[in-house]
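Heads up: the structure comes next, in structure tokens.
The values are calculated or read from the model by the stated rules, or taken from the named source; none is laboratory data. Just so we're clear, the structure is a prediction, and the values are computed from it rather than from any experiment. Cβ coordinates were reconstructed from backbone atoms using ideal geometry, including for glycine residues, and neighbour counts include every protein chain displayed.
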Amino acid sequence: MNISIQQRIESLHDHLYANSNIRNTAAIGTEVLKILHVAIFLEKKENKIPAFYFSNYEIMQIKNGNEIFCLNIASNIQKKFQQLCKDWHIYEESTNISLDNNSIAYVCGAFNEIIISDSSKDILGDTIESIRSQWVKSLGGQFFTDQRVTELAINMLDFNPFKGDDLVDLCSGTGGFLLAGIRKIKVELGKKHKENEIEEKLEKITELSIKGREIDSEIADIANGTIAALLGTKINKVVEYGDSLRLDPLGLDSNIKYNTHKCAASNPPFGVKISIKDRNLLNLFELGKMSNTNLKEANKSVTVTTRSLDILFLEQNLKILKPGVGRLAIVLPYQIVSGPQTKYIRDWLIKNARIIAIVDLPSETFQPHTGTKTVLLIAQKRIKPLNNLNNLKNEKIFMGIPKWIGHDRRGRPVFKKDKNGKLNSEILTDFPQLLNYFNEYSRENTISNNDICFTTTIENILKDPLIRLNALYYKPIKESNNVIINDNWKKEKIRDVVEKIFYPGRFKRNYVNKELDAVPFLGGTNISQLFITNYKMLSTNDPKLEELKVKKGWILVTRSGSTGIISSVPVAWDGFAISEHVIRIIPNDKILPGEYIQLFLKTRYAQNIISQGVFGSVIDEITPEFLGEIEIPIPNDKSIIKRLSKAMKSVEEHRQQAIIQMNESISIIESYFYSNGD
């Protein structure tokens, strides 16, 4: 989207909320959508392109609220809206635009010279997202999916109704995935038919092959209105209103049925705050009854607590697909595909579906509405679930890690730069390149050398104790190509050369004043600091104190937030308490000096490996188990270890002296401030 359009949309809601006769975000979104539908009607039916075209003088009249001028604009828009209702049947014929005249004119002016029906852009979707995102977020945790993601998903699904495919979205929202499917149909029609033949065929194919379901009736209406406006014709409701988790097993209440459909694409509401607690509903799902410790619990009578919606929707999407044929594209939070507590989900998924592709989406994808990290997963339903995973060896998987979604963390468009560093009008995104590589892989089962995608196998994934399904974990490390381990070196897992790797459990922090019998408490940000000024204190009577205390020589690794910061416990911190957000490694110097391990963990090679072990949808985390699995190169020549350890020990001794001198110097200068009671 052009940056000027984005800026206009962002300011539109604020103006209407402050100045129009409507002070409800949801209602404002509905009224703006009506006007945009009028624009599409004018462009498609009356060939008035763009629908809204005003001179600079006329724009000033709108902004200044010239009542006669605004009345003329609003009257014409209301008239065209009534004609739209009769011809397209998107709204009841008795419906009107409820905004006042000045506000109607203001909306038209906000979209001056913009072609609303441009199929290469999703003006309606972007406008609804901008105006209603906070409202929808507060009601149901939904986030509209970026058009680049929906189009990538539909193309990677290889959705093609001309080969018998249909497309279902169980969480349709405003219809993003379905609109992408319709655009794909239109592209395919354009290859074989003339322009005047496309619209009629597009309508028929859409009615047969595009299906959606949405639990919010108002959003379902918006989706249907948007689809009808895109087609420019009357069409039965594509998106039905209803709870997709409560489908009738016989399909009596819906045109969506189990074990039937060829393609499904969805972005379910995600987050632990949006959870199902209804035990009757949870018992309908295998994933509603499983725990991370025992998959067999699905077949037992167990106590069910809660499940987040995204987990249940993953299973429901597979349920509606035709066995052995049906394909799924679904957006999932990073936690589900990589977190230790969700391994049971991945185990279940691999038994029930063949993983085709995994794309780690850029962190900005759903910002500014949420910072949750997500992946796009493409899978195909198996003919029947596997009993175990032992025989899976030859299934190849495409993995992608695109860098740019096309907007920044605030939702503002990001543009490419030319050779001179100047911005141009082209959006910065590598999604088209990723799709090209995927198409190459689909044709030739190989990928040209590049830095955004690669392949792995299910056999390789099953070697991981957590069977992670995020692409980053399997990304080849370039530095590893230069690491030569010959007969004079060996590799050992860190867990095999240390005494223990752990972190204490969570606890309630009861801080006290800085008294003589209190113990300093350090956070993760403190461990790499030379002089600490912002530490807190814990009472010596704190029941968790001993568990939190560290000893000199222990290696410290931050495990959440800014993961992978490496430090050690100097003599000055011996006996201090340190946060549970810091992993402790207790060296075993009889096997391998702690200084050598610490030095290795600071290398670029080790840091790259640590970054691959990050999981968590909102806060980055790593586990002690993952650190323990990292292989550390060890020379057979012990003199090398001795020399490097001696150097690192010298660094630590100088650090200790620096801490002492810094504390002494600060004490001296403070004595001048507070001496003699002055």
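Filter segment 204-231 for residues that are farther than 20 Å from residue 159 by Cβ, among the aliphatic types (A, V, I, L, M) and in a helix (DSSP H, G or I) and give the result.
219, 220, 222, 228, 229
So how many residues does segment 542-596 have that are among the charged types (D, E, K, R) and assigned to a loop (DSSP other than H, G, I, E, B)?
Number satisfying all stated conditions: 9.
May I ask you to say which residue of 35, 28 is surrounded by 20 or more Cβ atoms within 10 Å (Cβ to Cβ), under 38 Å from the mean Cα position of the chain (by Cα), modelled with pLDDT of 90 or more and not assigned by TED's automatic domain parsing to the domain that holds residue 199?
35
Could you tell me how many of the residues in segment 14-25 are more than 29 Å from the chain's Cα centre (by Cα) and either outside the structural domain of residue 88 (by TED's automatic domain parsing) or part of a helix (DSSP H, G or I) (or both)?
Adding up the residues that qualify gives 5.
Looking at residue 617, is it loosely packed, with under 15 Cβ neighbours inside 10 Å and of a type in the set (Ser, Thr, Tyr)?
no
Considering each residue of segment 167-184, count those that are at pLDDT below 90 and among the charged types (D, E, K, R), and give that number.
Result for segment 167-184: 1.
Would it be correct to say that residue 335 is at pLDDT below 95 and out of contact with any helix residue (DSSP H, G or I) (no Cβ under 7 Å at 6 or more places or on another chain)?
no
Of the residues 84, 36, 71, 99, which single one is under 21 Å from residue 221 (Cβ atoms), in contact with a helix residue (DSSP H, G or I) (Cβ under 9 Å, 6 or more places away or on another chain) and either without any contact (Cβ under 8 Å) to a residue 40 or more places away in the chain or not in a helix (DSSP H, G or I) (or both)?
99
Considering each of 472, 462, 466, 428 in turn, give the residue that is closer than 24 Å to residue 346 by Cα, surrounded by fewer than 18 Cβ atoms within 10 Å (Cβ to Cβ) and in contact (Cβ under 8 Å) with a residue 12 or more places away in the chain.
462
Given the residues 344, 334, which is the only one that is of a type in the set (Phe, Trp, Tyr) and closer than 28 Å to residue 448 by Cβ?
334
Go through (1) over 22 Å from residue 632 (Cα atoms); (2) among the hydroxyl-bearing types (Ser, Thr, Tyr); (3) in contact with a strand residue (DSSP E or B) (Cβ under 6 Å, 6 or more places away or on another chain) for residue 525 and report which single condition fails.
(3)
Write out, first by first residue and then by second, each pair whose Cβ atoms fall under 7 Å of each other, whose residues are 6+ apart or on separate chains, and whose first residue, in segment 325-352, is over 24 Å from residue 384 (Cβ atoms) while the second is of a type in the set (Asp, Glu) and crowded, with 21+ Cβ neighbours inside 10 Å.
Close Cβ pairs satisfying both conditions: 333/310.
For segment 297-391, list the helices (runs of 4 or more DSSP H) that sit wholly inside it and hold at least 3 residues that are out of contact with any Lys or Arg (no Cβ under 8 Å at 6 or more places or on another chain) and outside the structural domain of residue 410 (by TED's automatic domain parsing); which are they?
Per the criteria, 309-320.
Taking segment 524-566 on its own, how many of its residues are within 31 Å of the chain's Cα centre (by Cα) and either buried (at least 18 other Cβ atoms within 10 Å of the Cβ) or on the phi > 0 side of the Ramachandran plot (or both)?
13
Which pairs turn up if I take residues in segment 377-397 that are basic (Lys, Arg) and look for partners that are loosely packed, with under 14 Cβ neighbours inside 10 Å and assigned to a loop (DSSP other than H, G, I, E, B) with beta carbon separation below 8 Å, at least 6 apart in sequence or on another chain?
Cβ pairs passing all conditions: 381/324; 382/324; 396/445.
Suppose we filter 623, 603, 563, 558 for residues that are touching a Gly at 6+ places or on another chain (Cβ under 6 Å), of a type outside the set (A, V, I, L, M, F, W, C) and more than 16 Å from residue 649 (Cβ to Cβ); which single one remains?
Testing whether each residue is touching a Gly at 6+ places or on another chain (Cβ under 6 Å), of a type outside the set (A, V, I, L, M, F, W, C) and more than 16 Å from residue 649 (Cβ to Cβ) leaves just 558.
When residues of segment 616-669 are filtered for being under 21 Å from residue 497 (Cβ atoms) and under 45 Å from the mean Cα position of the chain (by Cα), how many remain?
Total satisfying the criteria: 25.
May I ask you to verify whether residue 604 is free of Cβ contacts under 8 Å to residues at least 24 places away in the same chain, of a type in the set (D, E, K, R) and surrounded by fewer than 18 Cβ atoms within 10 Å (Cβ to Cβ)?
no
In segment 151-203, which residues are free of Cβ contacts under 8 Å to residues at least 60 places away in the same chain, under 27 Å from the mean Cα position of the chain (by Cα) and not in a helix (DSSP H, G or I)?
Scanning segment 151-203 gives 160, 174.
Residues 41, 54: which one is assigned to a helix (DSSP H, G or I), hydrophobic (A, V, I, L, M, F, W, C) and more than 14 Å from residue 99 (Cβ to Cβ)?
Step by step, each of 41, 54 is checked, and only 41 is assigned to a helix (DSSP H, G or I), hydrophobic (A, V, I, L, M, F, W, C) and more than 14 Å from residue 99 (Cβ to Cβ).
Condition first: β-branched (Val, Ile, Thr) and more than 21 Å from residue 221 (Cα to Cα). Now tell me which residues in segment 39-68 satisfy that.
Those that are β-branched (Val, Ile, Thr) and more than 21 Å from residue 221 (Cα to Cα): 49, 59, 62, 68.
Mind checking whether some residue in segment 165-186 is over 17 Å from residue 238 (Cβ atoms) and either surrounded by fewer than 15 Cβ atoms within 10 Å (Cβ to Cβ) or not hydroxyl-bearing (Ser, Thr, Tyr) (or both)?
no
With buried (at least 22 other Cβ atoms within 10 Å of the Cβ) and more than 21 Å from residue 309 (Cβ to Cβ) as the only criterion, which of 375, 359, 337 stands out?
359
Under 9 Å between Cβ atoms, which residue pairs at least 6 apart in sequence (or on different chains) link something in segment 641-657 that is modelled with pLDDT under 95 with a partner that is loosely packed, with under 12 Cβ neighbours inside 10 Å?
655/530
Which one of these is surrounded by 16 or more Cβ atoms within 10 Å (Cβ to Cβ) and over 28 Å from residue 370 (Cβ atoms): 392, 435?
Matching residue, one of 392, 435: 392.
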